[in-house]
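FYI, it's all coordinate maths here, none of it is from the lab. It should be emphasised that the depicted structure is a prediction, and the values quoted were computed from it without experimental measurement. In this analysis, Cβ positions are derived from the backbone assuming ideal geometry, glycine residues included, and neighbour counts consider all displayed protein chains.
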Amino acid sequence: MPERRYTAGVTPTRIFLIRHALVEPSARLVMYGSMDVAVCAVAMAEDAATYRWLADRLPQEARWFHTPLSRTRATAEAIFAAGHPPRSMEMEPRFVEQHLGEWQGLTHEQFTTMLRDPPHPFWPHGADETPPGGESLRDVMERRVGPALEDLVAQYPGEDLVVVAHGGSIRAAVAHALQLDPHQALRLSVRNLSLTRLENHGGEWRVNSINEEP
């Protein structure tokens with residue numbers, strides 16, 4: 001691991017964000033959002049080298065967190081099985097994926113035929129669009145992920161924290177650190193099993209990497 005960097009004598013809190021493993025093929029056909037869908041067993045076997053890389057790349061004494069969705073816990077357990085010393089894990093529900101409300105379970109074809117706000121250039125819906133019965137990306141950023149990050153820093157100053165999360169919540173975390181708006185946040189591509197590293201130096205955020213891979 002790279003050496004810690006210090007600012008004004010303060011040991012930074014380091015947050016390691018991992019997007020969960022690829023989900024099963026049937027789930028990829030629909031807008032699954034915060035539905036609890038399973039990971040793809042075939043892809044997990046094919047990605048064995050990536051799990052070994054993560055096992056070696058992540059700090060051994062970090063605190064680990066996962067979301068209420070099984071795909072994040074399954075991903076963490078696969079990293080432990082690949083060689084990282086097993087750690088007790090805590091659930092942090094505020095890092096769960098964006099809740100798409102009534103859109104969840106719709107096929108992509110069904111979704112594109114609905115009359116809605118203009119979509120984002122790189123996403124099927126608008127950055128500030130709120131699904132019926134769901135939440136917007138702004139909600140994810142401002143009501144959940146941003147406060148969760150600040151709470152973790154306040155609770156575990158100077159420690160290493162690993163959070164196995166989702167594409168939407170990792171975008172929200174980077175956006176919080178860089179003070180991006182939701183439209184800018186949706187320009188970020190977050191790949192499955194990629195590593196994103198944030199640091200907080202006495203209240204100041206720094207983004208060290210996005211989408212680290214072997």
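Points worth noting:
- Checking each residue of the stretch 61-84 against the condition of being more than 26 Å from ASN208 (Cβ to Cβ) and without any contact (Cβ under 8 Å) to a residue 12 or more places away in the chain gives no match.
- Subset of the stretch 185-202 [in contact (Cβ under 8 Å) with a residue 40 or more places away in the chain and out of contact with any strand residue (DSSP E or B) (no Cβ under 6 Å at 6 or more places or on another chain)]: ALA185, LEU186, ARG187, SER189, LEU193
- Odd one out for GLY202, checked against (1) under 16 Å from the mean Cα position of the chain (by Cα); (2) surrounded by fewer than 18 Cβ atoms within 10 Å (Cβ to Cβ): (1)
- Some residue of the stretch 127-137 being in contact with a Phe, Trp or Tyr (Cβ under 6 Å, 6 or more places away or on another chain), over 19 Å from HIS20 (Cα atoms) and either charged (D, E, K, R) or outside any strand (DSSP E or B) (or both): yes
Yes or no, residue by residue, for (1) under 23 Å from SER189 (Cβ atoms); (2) of a type in the set (Val, Ile, Thr); (3) touching a Phe, Trp or Tyr at 6+ places or on another chain (Cβ under 8 Å):
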position	(1), (2), (3)
THR13	no, yes, yes
MET31	yes, no, yes
CYS40	yes, no, no
ARG52	no, no, no
THR67	yes, yes, yes
ALA82	no, no, yes
ARG87	no, no, yes
GLN98	yes, no, no
GLU102	no, no, no
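- Members of the stretch 43-93 that are over 16 Å from ASN192 (Cβ atoms) and polar (S, T, N, Q): GLN60, SER88
- The helices (runs of 4 or more DSSP H) found entirely in the stretch 140-189 that carry 1 or more residues being buried (at least 22 other Cβ atoms within 10 Å of the Cβ), under 14 Å from the mean Cα position of the chain (by Cα) and not aliphatic (A, V, I, L, M) are 167-178.
- Among the residues here, PRO25 qualifies as in contact (Cβ under 8 Å) with a residue 12 or more places away in the chain and either more than 19 Å from VAL162 (Cβ to Cβ) or among the aromatic types (Phe, Trp, Tyr) (or both).
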